[in-house]
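Step one of this worksheet: look at the structure below.
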Protein chains: 2
Amino acid sequence: MPKHWYNIAADLPVPAPAVLHPGTMQPVGPDDLAPLFPMALILQEVSTEREIEIPEPVREVFRLWRPSPLVRAHRLEKALGTPAKIYYKYEGVSPAGSHKPNTAVPQAWYNAQAGIRKIATETGAGQWGSSLAFAGALFGIDVTVFQVRVSYDQKPYRRALMETYGARCIASPSNETNSGRAILAKDPNHPGSLGIAISEAVEVAATNDDTKYALGSVLNHVLMHQTIIGLEAIQQLEMAGDDPDVVVGCTGGGSNFAGISFPFLGLQLRGGRKRRIVAVEPAACPSLTRGKYAYDFGDTAHLTPLTKMHTLGSTFTPPGFHAGGLRYHGMAPLVSHLKELNLIEAVAYHQNACFEAGVLFARSEGIVPAPEANHAVKGAIEEALRCKREGKSETILFNLCGHGHFDMTAYSNYMAGKLVDQPYDEKELAMALSGLPAVSA
Amino acid sequence: MPKHWYNIAADLPVPAPAVLHPGTMQPVGPDDLAPLFPMALILQEVSTEREIEIPEPVREVFRLWRPSPLVRAHRLEKALGTPAKIYYKYEGVSPAGSHKPNTAVPQAWYNAQAGIRKIATETGAGQWGSSLAFAGALFGIDVTVFQVRVSYDQKPYRRALMETYGARCIASPSNETNSGRAILAKDPNHPGSLGIAISEAVEVAATNDDTKYALGSVLNHVLMHQTIIGLEAIQQLEMAGDDPDVVVGCTGGGSNFAGISFPFLGLQLRGGRKRRIVAVEPAACPSLTRGKYAYDFGDTAHLTPLTKMHTLGSTFTPPGFHAGGLRYHGMAPLVSHLKELNLIEAVAYHQNACFEAGVLFARSEGIVPAPEANHAVKGAIEEALRCKREGKSETILFNLCGHGHFDMTAYSNYMAGKLVDQPYDEKELAMALSGLPAVSA
């Protein structure tokens with residue numbers, strides 16, 4: 001298991017654009033972030049050190065499931081009749097069933113080291129919330145999770161998981177914050193969104209001295225924590241005597257994609273060979289393929305700093321497709337920056353095509369992927385079929401970022417033919433983009 | 001990973017009682033079982049070879065999650081304040097989330113080798129059905145699962161998992177068999193039971209030349225397939241420089257308990273030191289602690305051979321507690337035999353105490369156990385607390401046979417104070433026991 005995380009900021013040919021304070025439009029400094037995060041994480045957020053040590057107590061927890069398996073998908077290759085070699089890195093073996101504990105554990109540990117005993121956060125379907133609840137339980141931290149109301153009501157199982165770990169779970173928008181109350185005043189039945197839930201959690205952290213905030217994706221330090229995935233994959237593929245030509249991950253906020261791909265990009269940026277890096281996103285929430293690269297807020301109530309990213313606009317509400325972890329209006333600034341530098345590619349698929357890929361994967365490889373992970377499966381299968389058409393035996397690596405055991409309703413609906421591919425509303429997107437903050441930078 | 005299974009029949013001080021044909025009351029021979037199982041599995045069922053090779057294609061599938069983790073439960077030890085060392089073997093990393101694929105994969109493979117393309121089976125909550133569906137998908141076998149109706153209706157998620165793997169899932173009792181129709185004629189709303197579902201699956205296999213039957217527990221070959229758990233644990237504990245004084249497993253049909261304990265018992269039977277082996281069963285279905293050691297049928301319609309085992313009577317219907325995998329009237333003949341030889345102990349707990357143990361485990365170790373596994377957690381905690389009282393630093397090993405991601409409703413109910421400890425009906429038990437078949441042996 002790696003002893004360091006990889007920080008791609010050390011190898012970028014051009015630094016990523018600064019994060020701006022929305023009041024002053026000046027770059028944000030560590031002190032601006034201090035109400036929200038412990039200083040150790042803030043320093044990671046702005047670090048340009050290439051390697052940052054993984055603390056031993058964090059590694060000790062990781063040993064429960066790490067190194068995660070790297071598997072050659074022989075049966076999937078056979079089912080596709082492809083000359084390509086397909087490998088997947090399987091993150092579903094973690095206690096929460098996804099890659100999210102890779103950052104939840106260090107975030108909880110650094111907070112605990114700083115004497116913090118309360119963290120507020122948000123979650124959509126609940127992968128992140130349950131992972132932070134798990135990590136909080138290990139380090140004695142009270143976790144409060146604002147869960148998007150539609151998921152809170154319709155998917156009670158990850159909520160039960162959070163509560164089993166001892167976390168408090170609140171349907172968002174809630175009456176516990178100004179942000180939530182303002183929205184409920186306009187619409188008492190508002191279904192919520194990730195942007196709103198972020199506003200509520202940030203508000204709680206910003207207005208309570210004893211409470212910090214934690215985010216499960218998007219931020220630099222979160223992406224860095226996930227690089228343990230790619231670092232392990234490099235070692236494991238070396239042991240297998242192989243080297244990927246294409247690396248595929250699904251993208252919502254960008255963290256699992258960054259986790260598998262940044263270490264490979266780092267090899268390339270330090271003079272290694274060029275590999276294709278493919279981000280796969282939902283066609284119903286296509287920030288990388290249809291969003292604008294611009295400064296925007298990370299939340300709906302505009303409590304966060306401004307970051308330059310591919311965004312659909314902070315007021316954009318995507319259709320209610322099943323991959324709840326990919327329903328976010330923005331993209332991690334680092335992933336967006338790499339896209340602008342043409343160092344990565346992006347494609348988008350609708351959910352039925354992704355579930356079709358997931359069922360083929362389940363029946364050939366035996367693992368039922370999470371709906372989010374199905375996007376990566378679909379991306380990998382498309383690459384393998386291209387190899388078949390072109391008669392090439394390339395090596396494809398993708399990140400199977402979680403299992404679908406909490407998402408079986410979605411599979412039932414898919415198999416019953418009840419899933420609909422919902423395009424986003426073009427007018428709403430145009431309106432959300434027209435509302436982007438004016439930043440001269 | 002071990003290359004052989006361990007067959008405890010080779011080391012028994014007294015052979016287990018013969019399995020009898022209910023018509024002739026004579027010992028059953030391999031040919032009697034041929035309509036139900038491929039010959040390779042029948043020969044394993046009656047083998048007295050100590051080691052039986054795990055076929056390479058089976059090991060190839062196992063590599064997806066085996067060797068499974070052996071973990072020292074440091075945080076649980078600390079939470080209990082015990083001087084004992086607690087280790088657990090975690091089987092929830094399998095694609096189906098439990099230990100059941102350990103036997104589903106070889107059973108499917110031996111059937112496929114024998115040219116079988118259809119298997120019928122039964123399942124309660126669905127751990128076994130989903131595991132055989134997974135294994136069937138890998139080896140091109142059509143799997144039909146008779147699922148106990150109350151689970152089919154109330155727990156649709158494991159059913160969805162089976163269907164995702166391509167299996168056909170039928171609520172039992174069904175109109176597809178004589179056994180099912182007979183029961184529905186008396187009670188169209190019958191909730192079903194494992195004994196009835198077994199009758200239906202056996203009937204389908206016995207009356208269709210192209211279909212075999214598979215069982216997820218109880219039988220000798222099933223228990224032997226699970227010994228990979230204990231064999232790995234012996235190796236892993238050796239690497240850790242440790243050796244258990246107490247080995248704990250939960251018991252329904254007996255397979256995960258046998259899997260962790262038989263290899264340790266084998267060491268003892270071949271002259272090694274004595275270890276305590278503790279079976280933990282639900283107080284609402286207490287075959288080992290309250291059942292009669294007698295010949296009985298494995299199913300309700302009396303289509304199976306007669307085996308000598310601890311039984312509550314084949315007509316006994318346990319209360320509807322949440323550990324569906326432990327709701328079986330009988331106990332594996334080998335486990336029963338070892339209990340009679342005083343080589344193992346048995347205790348029983350009600351479900352609230354087991355969920356309390358499971359929540360403590362989740363909050364200290366980070367894994368949410370399946371309700372079945374909570375019985376083993378409870379058993380291990382009780383041993384650790386005894387060590388605390390006695391000031392002994394014994395080493396305790398238990399089998400954490402599956403995760404609870406499909407069972408979060410049960411946790412929600414427990415945390416809401418809605419779980420009831422339901423004692424079984426003493427009168428019903430007496431009636432079921434009075435109906436045991438008369439066998440002079």
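Values in this text are rule-based calculations from the coordinates and carry no lab data. It should be emphasised that the depicted structure is a prediction, and the values quoted were computed from it without experimental measurement. Cβ placement follows ideal geometry from the backbone for every residue including glycine, while neighbour counts extend to all protein chains displayed.
Things to note:
- Rounded to whole numbers, the Karplus 3J(HN,Hα) couplings from phi for region A:389-399 are 4, 8, x, 10, 9, 6, 9, 10, 10, 9, 9 Hz, using 6.51 cos²θ - 1.76 cosθ + 1.60 with θ = phi - 60°, and x at Gly and Pro.
- Distance between the pseudo-spin-label points of B:Lys78 and A:Glu428 (7 Å out from Cα toward the beta carbon): 4.6 nm.
- Each stretch of four or more DSSP H residues adds -39500 (n - 2.57); spread over every residue of chain B, this sum gives -13000 deg cm²/dmol at 222 nm.
- Model label points for A:Gln26 and B:Asn175, set 7 angstrom from Cα along the Cα-to-Cβ axis, are 7.8 nm apart.
- Residue of B:Arg386, B:Arg273, B:Arg168 that the Gaussian network model of chain B assigns the largest fluctuation, springs spanning Cα pairs under 10 Å: B:Arg273
- Plainly put, the tip 7 Å out from Cα toward Cβ on A:Asp153 is 2.7 nm from that tip on each other copy, the closest given first.
- Among beta bridges that DSSP assigns inside the protein assembly as shown, antiparallel share in %, nearest 5: 35 percent
- Taking amide H positions as modeled 1.01 Å from N, with prolines and chain starts lacking one, the residues under 5 Å from B:Tyr295 and 5 or more places away or on another chain are B:Met309.
- Shielding by partners for peptide B:92-99, expressed as the average number of C-beta atoms from other protein chains within 10 Å of each residue's C-beta, is 4.
- Globularity index of the protein assembly as shown, i.e. its alpha-carbon radius of gyration over 2.2 N^0.38 Å: 0.95
- Residues whose amide H comes within less than 5 Å of that of B:Glu281, counting only those at least five positions distant or on another chain, are B:Thr251, B:Val347, B:Ala348, B:Tyr349 (H built at 1.01 Å from N in the peptide plane).
- Just checking the listed ones, B:Val71, B:Val148, B:Val105: in the Gaussian network model of chain B with Cα springs under 10 Å, the one fluctuating most is B:Val71.
- Amide N proximity, region A:308-349 versus A:Val14 label position 7 Å along Cα-to-Cβ, cut-off under 17 Å: A:308-311, A:333-345
- Restricting region B:34-134 to trypsin sites (Lys or Arg not before Pro) that sit in a DSSP loop and have at most 13 other Cβ atoms within 10 Å of their own Cβ leaves B:Arg63.
- Region B:101-215 shape via C-alpha gyration tensor axes, a/c threshold 1.5: oblate
- The other copies place their B:His302 label points at 8.0 nm from this one, listed shortest first, where each point is 7 Å from Cα along Cα→Cβ.
- Sequence-distant residues sharing a close amide H with B:His403 (under 5 Å, placed H): B:Gly92, B:Ala370
- DSSP bridge pairs, region A:1-151: antiparallel proportion in percent, nearest 5: 55 percent
- Sites B:Asn342 and B:Gln154, calculated FRET efficiency, Cβ-Cβ separation with R0 51 Å, nearest 0.05: 0.80
- √(5λ) per eigenvalue of the Cα gyration tensor, region B:282-441, largest first, Å: 30, 20, 13
- Think of the protein assembly as shown as having a plus end and a minus end, set by charges on the Cβ of Lys, Arg, Asp and Glu; of A:Thr144, B:Ala301, B:His375, B:His375 sits farthest toward the positive end of this dipole.
- Scalar couplings 3J(HN,Hα) for region B:275-281, obtained by applying the Karplus form with A = 6.51, B = -1.76, C = 1.60 to θ = phi - 60°, are 10, 7, 10, 10, 8, 10, 10 Hz; x denotes Gly and Pro.
- Net charge contributed by nearby residues that have their C-beta within less than 11 Å of A:Leu76 (K/R +1, D/E -1): +3
- For region A:61-71, 3J(HN,Hα) computed residue by residue from phi via the Karplus equation (6.51, -1.76, 1.60; θ = phi - 60°) reads 5, 4, 4, 4, 9, 10, x, 6, x, 10, 10 Hz, glycine and proline entered as x.
- Cut-off 13 Å between beta-carbons: net charge of the residues surrounding B:Pro13, Lys and Arg +1, Asp and Glu -1: -1
- Applying Stokes-Einstein at 4 °C and 1.567 mPa s to the Kirkwood radius of region B:1-41, computed over alpha-carbon pairs, gives a translational diffusion coefficient of 101 µm² s⁻¹.
- Shielding by partners - mean other protein chain Cβ count within 10 Å, residues of B:154-163: 4
- Distance in nm between pseudo-label sites at A:Met39 and A:Leu184 (7 Å out along the Cβ direction from Cα): 3.8 nm
- Using a 7 Å projection from Cα along Cα-to-Cβ, the label point at B:Glu56 is separated from the same position in the remaining copies by 4.3 nm, smallest value first.
- Per-residue mean of foreign Cβ neighbours for B:408-417 is 4 (Cβ atoms of other chains, 10 Å radius).
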